[in-house]
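Structure first, then comments.
The values are calculated or read from the model by the stated rules, or taken from the named source; none is laboratory data. Note that the coordinates shown come from a computational prediction; the quantities given were computed from them, not determined experimentally. Counting neighbours? That spans all protein chains shown, and the Cβs are built from the backbone with ideal geometry, glycine included. Just so you know, the surface numbers come from the protein's heavy atoms only, side chains and all, with ligands and any DNA or RNA stripped out. Shrake-Rupley method; radii C 1.70, N 1.55, O 1.52, S 1.80 Å.
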Amino acid sequence: MSQKDCCHQVLKIGLMGDFFFLFLFFFCSTRRVQFSKGRPPNRNIGPFPSKNRSSCSCEGYALNAKHVAVDELEDLQRRRSEEYRQYQLRMGTKMESLILAQSNSPLQYPIQGFVVEPLTKSVIPVNFSFEEYEAIFSIEIKRPSVPVLYDPGEDINSQVTIATKTFLRYDELNILIKSIRQFYPEIKIIIADDSLEPQNVTGYKLEQYIMPPTQGWFAGRNLAVSQVTTKYFLWVDDDYIFSNSTRIEKFVEIMEKVPELDVATGEKNPGMPYPGLACLHAYVTTGKSHGLQEIYPGVSTSHHVIFVKPKMGANLDKFIIAPANSPLQYPITGFTVSPLKKSVIPGLALQTQKREVYKVSLSAKTGVLSVDSVTAGDQVDGQGQSNLTISSSSLTHVNDLLSRVTYYSTIYHIKTSDFVHFIFEDHEVVFPILIRRQTVPSLYDPGTDVNSQVTVLTKTFLRYKELNVLIQSIRMYYPDIMIIIADDSMKPEPVTGKNIEHYIMPPTRGWFAGRNLAVSQVTTKYFLWVDDDFQFLKGTRIESFVEIMEAVPELDIVSLVVTFQAISIISHLSTKREMKRKAAA
């Protein structure tokens, strides 16, 4: 597997290669003082992120067996297994077991469960009780989130930011900037620069961010994206050039017309001295093109692209009730399939009294249905279509055919859904099918001490005296822990030291921009956010937070208590007794 392949999940951007993209940008808000899971996008995806930020490997256990001592391999594999277990827990509350709606049950209930707010009383939206009969449905507990909305403005300049990463290629970078300004004089440009000896790059609506040297392309990409505040952004390499055929407006037009899209791609023109950006090509991987060809006849359905996904997930907006006394058995909570891949629908069955002929039908909205291994005597109509009918004089034969019914999604989405209707005589049930592209887990090597688990982050502005006091206090108790500093001072001063990364921003960008930048550079599993005028004392125990987060993987944030009189951080969970009590709660 190549570096492009194994790192496709970083920032959910997909393979970059020779394409440039327009993306929807989501702003993530966090608390000011916090100890958090290191969920920012990582630069290295694989079994564990590499300590070398410029590398990426997906060789897994083979890599460990080659490069890890035999006496250490067993412990490393144990840590990896535990990390994968925690990953599954922290990525959501999935129903692990397949739940079937039992046939001929007198109970009616919400088929896909329902959502409630934490610590809030909610009415279960059905009447539900009867003797020895039992049914199972899920209740999902979620805190409602505030939607992230953007003012699209009136022109392209308020909708799109252009982002790039550069390293020692200032001649090429300046050519890119001049070409952009020729066609888009007002659009904002963000530059992440990790050159060994950075040169000033200035101009109207141009932001240059100076990184520690040789941080790498992934770190620069994460930094640039963290500073985007427009609805969309366009990523280009620093040796590209805009031409007459470059039309960012086409990207925006398509993204606005088809909100399910997150990514639209373009091509470079290899016939130019520098790769020229050609006109829009909106690709989908295969199958139907989400109606794009009807909207834009020139849109291609080539196999060259990357992925398309819904922006905020595929919520099941339809409220489904499992009807009582139905002879149909089916997967009550639905099931998950991969896009453009045939999958058997589990648990389909019919239980009813004797008939001369048993006839059932299934229909899907966007996918097609089939029965595998059909023989000449099987009565199956609608193979490979959205409506499928099965009939037989034998109930056993009908159930055998139902056990081989498959679903195939014809539209490439990585996160969407479909509904299947299952009908027998006047009985009808509906169940969902979730279409998800399988993702590579983002795992971390927790290492053996707190230095490999936690990064300390801060944002500073003109307070170098206080910042140096903070750093000295951290080094007194944690001499090897990584410290990341986002600095938007008007006249930055150098801040150096072992395991210190100092990022210089354009002046007065503000606390939120600094927070986003710092978090974008985290590669450890956890990070600790502190203000630049804090001070670590003997009572500061980061280890207590790590213990809590490891014991309860579903947690994302553990809070601190700040003693302002001493300008110090102390752990509110400093004793093991308190820690265990909080974990149990």
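So the values come out like this:
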| quantity | calculated |
| --- | --- |
| Neighbours by Cβ (under 9 Å, 6+ apart or cross-chain): first from the range 251-262, more than 22 Å from VAL236 (Cβ to Cβ); second in a helix (DSSP H, G or I) | LYS257/LEU292; LYS257/ILE295; VAL258/LEU292; VAL258/ILE295 |
| Any hit, the range 465-474, residues being within 30 Å of PRO198 (Cα to Cα), assigned to a strand (DSSP E or B), open to solvent by 20 Å² or more (accessible area, probe 1.4 Å) and of a type in the set (Lys, Arg) | no |
| Residues satisfying the stated conditions in the range 475-484, i.e. surrounded by fewer than 16 Cβ atoms within 10 Å (Cβ to Cβ) and part of a loop (DSSP other than H, G, I, E, B) | PRO479, ASP480 |
| Strands (runs of 3 or more DSSP E) (entirely within the range 143-251) containing at least 1 residues that are touching a strand residue (DSSP E or B) at 6+ places or on another chain (Cβ under 9 Å) and basic (Lys, Arg) | 160-166, 188-193 |
| Counted residues, the range 373-406 - those being under 28 Å from GLN353 (Cβ atoms) and not in a strand (DSSP E or B) | 17 |
| For LEU443: the one exception among (1) touching a residue at least 60 places away in the same chain (Cβ under 8 Å); (2) assigned to a strand (DSSP E or B) | (2) |
| In the range 325-374, the residues that are over 16 Å from VAL405 (Cα atoms), surrounded by fewer than 15 Cβ atoms within 10 Å (Cβ to Cβ) and touching a Pro at 6+ places or on another chain (Cβ under 7 Å) | ASN325, GLN351 |
| Where a residue in the range 407-436 is open to solvent by 30 Å² or more (accessible area, probe 1.4 Å) and its partner, wherever it lies, is assigned to a strand (DSSP E or B) and aromatic (Phe, Trp, Tyr), with Cβ under 9 Å and at least six apart | PHE419/PHE431; HIS421/PHE431; GLU428/PHE422; LEU434/PHE335 |
| Hits in the range 527-546 (condition: of a type in the set (Ser, Thr, Tyr) and surrounded by fewer than 23 Cβ atoms within 10 Å (Cβ to Cβ)) | SER544 |
| Residue in the range 437-452 that is farthest from VAL546 (Cα to Cα), counting only those that are open to solvent by 30 Å² or more (accessible area, probe 1.4 Å) and not hydroxyl-bearing (Ser, Thr, Tyr) | ARG437 |
| Boolean, SER489 is among the polar types (S, T, N, Q) and closer than 21 Å to VAL201 by Cβ | yes |
| Residue selected from the range 139-196 under the condition in contact with a Lys or Arg (Cβ under 7 Å, 6 or more places away or on another chain) and of a type in the set (S, T, N, Q), by the criterion most open to solvent (accessible area, probe 1.4 Å) | GLN159 |
| Enumeration of residues in the range 225-256 that are open to solvent by 30 Å² or more (accessible area, probe 1.4 Å) and either among the β-branched types (Val, Ile, Thr) or at pLDDT below 80 (or both) | THR229, ILE241 |
| Filter result (open to solvent by less than 30 Å² (accessible area, probe 1.4 Å) and among the aliphatic types (A, V, I, L, M)) within the range 501-519 | MET505, ALA513, LEU517, ALA518, VAL519 |
| Residue satisfying condition, being farther than 30 Å from GLU82 by Cβ and more than 29 Å from the chain's Cα centre (by Cα), within set PRO506, PRO494, PRO479 | PRO494 |
| Pairs where the first residue, in the range 140-164, is within 20 Å of ALA224 (Cα to Cα) and aromatic (Phe, Trp, Tyr) and the second is open to solvent by less than 90 Å² (accessible area, probe 1.4 Å) and at pLDDT 70 or above, C-beta under 6 Å, 6+ apart | TYR150/LYS231 |
| Near pairs, Cβ below 9 angstrom, 6+ apart or cross-chain, from the range 173-198 (under 23 Å from TRP217 (Cβ atoms) and in contact (Cβ under 8 Å) with a residue 60 or more places away in the chain) to any residue that is open to solvent by 10 Å² or more (accessible area, probe 1.4 Å) and among the small types (Gly, Ala, Ser) | SER179/SER243 |
| The range 197-217: number of residues that are open to solvent by 20 Å² or more (accessible area, probe 1.4 Å) and over 23 Å from VAL522 (Cβ atoms) | 8 |
| Positions within the range 506-550 being under 16 Å from VAL228 (Cβ atoms) and of a type outside the set (Lys, Arg), in sequence order | PRO506, GLY510, PHE512, ALA513, GLY514, ASN516, LEU517, ALA518, VAL519, SER520, GLN521 |
| Residues of the range 353-373 classified as out of contact with any Phe, Trp or Tyr (no Cβ under 7 Å at 6 or more places or on another chain) and farther than 29 Å from ARG437 by Cβ, total | 8 |
| Conditions (1) among the charged types (D, E, K, R); (2) open to solvent by less than 50 Å² (accessible area, probe 1.4 Å); (3) under 30 Å from LEU369 (Cβ atoms); number of the one not met by ASP487 | (3) |
| Given (1) under 30 Å from TYR503 (Cβ atoms); (2) of a type outside the set (Phe, Trp, Tyr); (3) loosely packed, with under 15 Cβ neighbours inside 10 Å, index of the condition LYS459 fails | (3) |
